[in-house]
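The values are calculated or read from the model by the stated rules, or taken from the named source; none is laboratory data. Since the model is a prediction, treat every value here as computed from it, not as a measurement. Heads up, the Cβs are rebuilt from the backbone with ideal geometry, glycines too, and the neighbour counts pull from every protein chain shown.
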Amino acid sequence: MRVYVPLTLPGLAEAHQAGELGPAPLRAYAVTPGLREWCVSDDLEELEYAALTRAAAASLRMIAEDGAAPRKRVVVAVDVDDKAATATPDAAADEATLGQVALAGAVRLSVAAAVHVDAEEALEDVSAAVAAVPAADGGDEAARFTVDGAEDHELLWFGVQEIPGLLK
């Protein structure tokens, strides 16, 4: 099963130094029954994109919690055994946690399939979205629109061997 682990650039640096994503339980996003039902799709590529988008939104919130983190969303895609990921119990009831899973153990970074990171062109919109998160969570529709604006930017794909260059 492919899972998408949301991070920040400092979190990616820590994982790179440690050689693994962790510690457990590790929050990730995947194609879960709840996400399938929400997307109303059987297209695996479309469903995996939805899980990646969910992880990118979680990364945005992680950046909002860490005022010093660079304003780039980071998601690491990893293939794990189906038994290694457990759907979050509340995930089916809450749209914000659709597709969320917990990984039972740390995952070696060397087995990651890819790292997805925002391009430089996304910085302005991601920065605005980070600043708008508290108001959006409070129900402000204009702020919600700003937060959703970060999703207009596709995350770029990088191989694991390119992580050192991303951390410069």
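Structure notes:
- Of the residues screened, Ala129 is one that is touching a residue at least 60 places away in the same chain (Cβ under 8 Å) and either under 18 Å from the mean Cα position of the chain (by Cα) or surrounded by 12 or more Cβ atoms within 10 Å (Cβ to Cβ) (or both).
- Residue check, Glu162 surrounded by fewer than 19 Cβ atoms within 10 Å (Cβ to Cβ) and free of Cβ contacts under 8 Å to residues at least 24 places away in the same chain: no
- Of the helices (runs of 4 or more DSSP H) lying entirely inside region 1-120, those carrying at least 1 residues that are at pLDDT below 95 and either surrounded by fewer than 20 Cβ atoms within 10 Å (Cβ to Cβ) or among the basic types (Lys, Arg) (or both) are 33-39, 44-65.
- Checking each residue in region 127-164 for being closer than 19 Å to Ala55 by Cβ and in a loop (DSSP other than H, G, I, E, B) picks out His153, Glu154, Leu155, Gly159.
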